[in-house]
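Here is the structure we will look at.
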Ligand SMILES: *Cc1c(COP(=O)(O)O)cnc(C)c1O
């Protein structure tokens, strides 16, 4: 299967899942996760009409971004160290994986130097594993409040990555929990905070995530093949 036909199939499945859930398919955006894949694969996906790409590693993203058209929208989705934020400033459209205030402060500092705002999502670890990135459900609201005071960061929503991503039904409760949490935070009416995005769902479970309200699905393997 080619990248173009895989993309076509994923887009079809996104449309079907959205319609089945009574949602507008246009409200779900596909983030093509291109980590570890060569730039040629990104270009092939671009030619097939894909414009949003997700990467996990700073070095890799910076290298690829230099080689592809500027119309590509990069999203950073992996664990991010504060000392690498500087390299991403101005290069990417969104960071999905903000899970601590110190990281958000550095993002605000680096984007501020450019006089621009960075759109971010707060990553929440709902399955409670200590090894995973993400703030806890109980700390999420306070973290959102603290980040909302920073001048060059805009909170656009939440992201999660459940442990059971190969079993859609096992992941589903975490997706619905993220949506509930998003609603609770929204109802606080914190100035500058928008809960418009829910980044959830990967190759094995994006349809369940869409049924539970995902607006950004992060799909790698089903587009580019096994890593
Ligand atoms: C790798 C990765 C994905 C994509 O996973 P697939 O199973 O290959 O679709 C999505 N989100 C994050 C945070 C990832 O690291």
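None of the figures in this text is laboratory data; all of them are computed from the coordinates on show. Values in this document were obtained by computation on a predicted structure and should not be read as measured data. As a convention, Cβ positions derive from the backbone with ideal geometry for all residues, glycine included, and neighbour counts pool all protein chains shown.
Being at negative phi, within 11 Å of the ligand (Cβ to nearest atom) and not in a loop (DSSP other than H, G, I, E, B) is a description that applies to residue 75. Looking only at the range 98-121, residues that are within 13 Å of residue 155 (Cβ to Cβ) and not in a helix (DSSP H, G or I) come to 7 in all.
If you go through the range 42-63 and keep only what is touching a helix residue (DSSP H, G or I) at 6+ places or on another chain (Cβ under 7 Å) and away from the ligand (no atom under 15 Å from the Cβ), you end up with 44, 48, 62.
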